[in-house]
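First the structure, in the form of structure tokens, and then the observations on it.
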Amino acid sequence: MSKVGAGYAVSCSVNRDRLTRASHSREHQPRCEALAAARERGTRTTKVTKLVSTCDIKDCPTIYATDRGTFLVQGETPSDHGLQIPAHETLVEIPMELIQKAIRDNLI
């Protein structure tokens, strides 16, 4: 992270823009700062913990928590959505029941 003018700049991995502290949402800023701090410590493998899945094998929709305070979602990659998604992002489709189970089990 670096100082930029009078504002404090954060290199944001979510939208890959340089954002000032004033323009960052309160919820989003701590996550970006944590990710930037992890990058400054060097390249390392993110610790991933399986939270909930629709089955016990590896190729089912699954929600994981990371040690960066984020979630990873495994699911189908839909192509028939008609949305324009930036090149550095993707959509993942998971069953509604997976989110409901995670909430019911107090995992998220």
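Values in this text are rule-based calculations from the coordinates and carry no lab data. This one's a predicted model, so the numbers in the text were calculated from it and none came from an experiment. Positions of Cβ are backbone-derived with ideal geometry, glycine not excepted, and every protein chain shown enters the neighbour counts.
Can you tell me which residues in the range 60-102 are farther than 30 Å from Arg44 by Cβ, surrounded by fewer than 11 Cβ atoms within 10 Å (Cβ to Cβ) and not small (Gly, Ala, Ser)?
Within the range 60-102, Asp80, His81, Leu83, Gln84, Met96 meet the criteria.
Identify all residues within the range 64-108 that are in a loop (DSSP other than H, G, I, E, B), in contact (Cβ under 8 Å) with a residue 24 or more places away in the chain and acidic (Asp, Glu); write none if there are none.
Result: Asp105, single match.
Do you know which of the residues in the range 45-59 that are assigned to a loop (DSSP other than H, G, I, E, B) and touching a helix residue (DSSP H, G or I) at 6+ places or on another chain (Cβ under 9 Å) is surrounded by the fewest Cβ atoms within 10 Å (Cβ to Cβ)?
Across the range 45-59, the extreme among qualifying residues is Thr46.
How many residues does the range 49-74 contain that are under 17 Å from the mean Cα position of the chain (by Cα) and on the phi < 0 side of the Ramachandran plot? Show your work before the answer.
Taking the range 49-74 and keeping what is under 17 Å from the mean Cα position of the chain (by Cα), we get 49-52, 61-74.
Next, only the ones that are on the phi < 0 side of the Ramachandran plot stay: 49-52, 61-68, 70-74.
Result for the range 49-74: 17.
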